[in-house]
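I have placed the structure first, in the form of structure tokens, so that the comments after it can refer back to it.
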Amino acid sequence: RVLAESLAVLAVVLAVHGAVWDRFSWCALALALQAFYAQFKWDRLLQLGGAVFQFRGAANSGLLPASMVIPLLGIVLRERCRAAGVVPGERLGVVVASTGMLLALFLSVLALGITKPVPTNTCIVTGVAGGVIVYTMKHSLAVSEVIEVLEVLLIFVYLSMVLLYLLPRCFTPGEALLVLGGVSFVLNQLIKRSLNVVEGRGDPVDFFLLVAVVGVVLLGLFFTVLFLFMDSGTWVSSLFFHMMTAVLGLGVIMPWLYRLIQRNPLLWLLQFLCQTQTRLYLLGYWTLLAASACGVVFYQNAKRSSESKKHQASTVTRKSFHFIVVATYVPGLIYDRQLLHVAAVLCLAVFIFLEYIRYFRIKPFGQTLRHLLSLFLDERDSGPLILTHIYLLLGMSLPVWLFPRSCAPKGTLSGSGALVPYSGVLAVGVGDTIASVFGSTMGEIKWPGTKKTIEGTMTAIFAQIIAVALILIFDSSVNLNSSYAWILASVSLVSLLEAYTTQIDNLLLPLYLQIMFMA
């Protein structure tokens, strides 16, 4: 299974290398080779219980697929911005690629350092790959960019030590690399832009994303440390939680956002949401969908109460939320992507805040949320946090947030790049959902070493091709320029990765599909 997953990832790396063909794509090949060797060391550490922290069980380390995401995103971003003649975007791509490679190397070296006896061959491969990458970075990065890469690495190290200790069994090493690496990069970008706010002319929408992500993470760290010394389930602690949330939100996060966008954040958000009639219609439509999702949760819990034998929601029930999310995102992508961008940020902040209430048992809703969400748990929610729904939101939103608007003067990229914002809808909303539903109900022939079926994978590929045809019909801004063979290859590779990966597919698959579309 690990070998098949690795082959799918290597096929993506080779496809990007063939499309880009520069020194960074050669570095990506070297990184993929060393990550392939190093992930077996991580897998062995997890099996023997020799890892420094407690990682999520029932999954391999996922080092190779996770190690390649950030570097490949940086490489394809650099290539797209270079073709558009946007120098700042090109330099950002170089920094992203270099940062991803350095974080992946750090995680590999960490595994080699705690493996006994020291694996000589893997050390040699890692040393050679690291030498190639460092040599390329030396001749590609300015001094300020080197400092920026090292800052992200330092933030990543500290965040990893704190969060992996406080949240055992929530991540695999690969998932920790993706999530904590992304948060570290966002935090560093926010600090950088806050210091250069006079010179910055960034979009308030981008600042809103950065401040929201950093704000909810810092809020969680603050309360996690605080509730180590006091019981979080009492009314006094709950009142303190709500008061401190208001103080931190109004006293730190709002002024920070005001400094960046140079206007009142609440007034700006209100004006932004009510700017056009289309936005009001979309907000009303999304409110109805949110109410229907809550209705599904309450109905399933009422059904569980009446049927004591049924303790967990079925696959079809859990995947119904994917259909609701698709119905949410597609109109936003067609009619107003900026509104979808901001609404997804708000939804992420609300999801994480509700998870804090559930995790800390904050009164009056903490225990109720624990009871309602326990019905929808699966084997991936083995730690103290329930992250599946947050990963679903991230998987749908990341292609929208990471879309290189500055490198797309007309609001869309050419060829398969026009489908980049739809990567989450296609990979998770359509492909993963159809594969799970059809595979669990009608599939008989299983892929070797997995519970996934060939029928589910084939149906998922077919469904995504139909979805692309419907996007062409309803979204006039999408022009594929005869890149149909590349789209078919991209969808097929990502569907094969879905069949074999043990990582969080809601997070991994959209990013790989976005990489393929941008390449």
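The values are calculated or read from the model by the stated rules, or taken from the named source; none is laboratory data. Not measured: the values here are computed from a predicted model. Virtual Cβ from ideal backbone geometry, glycine too; neighbours counted across all protein chains shown. The protein model used for the area step is the full one, side chains on, heavy atoms only, and it has no ligands, DNA or RNA in it. Shrake-Rupley method; radii C 1.70, N 1.55, O 1.52, S 1.80 Å.
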(message) Counting only helical runs of four or more DSSP H residues, what would the 222 nm mean residue ellipticity of the chain come to if each run contributes -39,500 (n - 2.57) and the total is spread over all its residues?
(response) -24500 deg cm²/dmol
(request) Could you please report the charge total around Gly332, scoring K, R as +1 and D, E as -1 over all other residues with beta-carbon less than 14 angstrom from its beta-carbon? (result) 0
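Output the relative contact order of the chain, whole-number percent, from Cα pairs under 8 angstrom with separation of 6+ residues. Mind showing how you got there, number by number?
Numbers: 652 pairs, mean separation 96.2, N = 519.
Dividing the mean separation by the residue count of the chain yields 19 percent.
By the scheme Lys and Arg +1, Asp and Glu -1, what is the net charge of all other residues having a beta-carbon under 13 Å from that of Val132? Could the numbers behind the result be given before it?
Values: positive: Arg23, Lys138; negative: none.
Summing Lys/Arg as +1 and Asp/Glu as -1 gives +2.
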(request) Could you tally the net charge around Gly113, taking each other residue with its Cβ under 15 Å from the Cβ of Gly113, Lys/Arg +1 and Asp/Glu -1? (result) +3
(request) With +1 on each Lys and Arg Cβ and -1 on each Asp and Glu Cβ, and nothing else charged, work out how big the dipole of the chain is about its Cα centre, in Debye to the nearest 20. (result) 500 debye
(message) So if I place +1 on the C-beta of Lys and Arg and -1 on the C-beta of Asp and Glu, and nothing else carries charge, what would the dipole magnitude of the stretch 373-519 be about its Cα centre? I want it in debye, nearest 20.
(response) 340 debye
(message) Suppose accessible area is computed on protein heavy atoms with a 1.4 Å probe; arrange His371, His389, His341 from highest to lowest.
(response) His371, His389, His341
(request) Determine the order of Val143, Val437 by accessible area, beginning with the largest, at a probe radius of 1.4 Å. (result) Val143, Val437
(message) Using only the alpha carbons of the stretch 183-245, what is the convex hull's orientation-averaged projected area in square nanometres?
(response) 5.4 nm²
(request) Pull the list of the chain cysteines that no other Cys approaches to under 4.7 Å, Cβ to Cβ. (result) Cys27, Cys123, Cys170, Cys274, Cys294, Cys347
(message) Below 8 Å, C-alpha to C-alpha, sequence gap of six or more: please give me the relative contact order for the stretch 1-196 in percent.
(response) 28 percent
(request) Compute the semi-axes of the equivalent ellipsoid of the stretch 368-410, taking the square root of 5 times each eigenvalue of the Cα gyration tensor, and list them largest first in whole Å. (result) 34, 10, 7
(request) May I ask you to derive the relative contact order of the stretch 95-155, considering only C-alpha pairs under 8 Å and at least 6 residues apart, and to give it as an integer percent? (result) 58 percent
(request) Using a 1.4 angstrom probe on the protein heavy atoms only, line up Lys138, Lys319, Lys446, Lys410 by accessible area, largest first. (result) Lys410, Lys138, Lys446, Lys319
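Considering all projection directions equally, how large on average is the shadow of the alpha-carbon convex hull of the stretch 1-196, in square nanometres?
11.1 nm²
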(message) Charges on Cβ only, +1 for Lys and Arg, -1 for Asp and Glu, centred on the Cα centroid of the stretch 1-196; of Val9, Val149, Phe40, which one is farthest towards the dipole's positive end?
(response) Phe40
(request) Mind checking which of Ile466, Cys81, Ile352 is farthest towards the positive end of the chain's charge dipole, using Cβ charges of +1 (Lys, Arg) and -1 (Asp, Glu) about the Cα centre? (result) Ile352
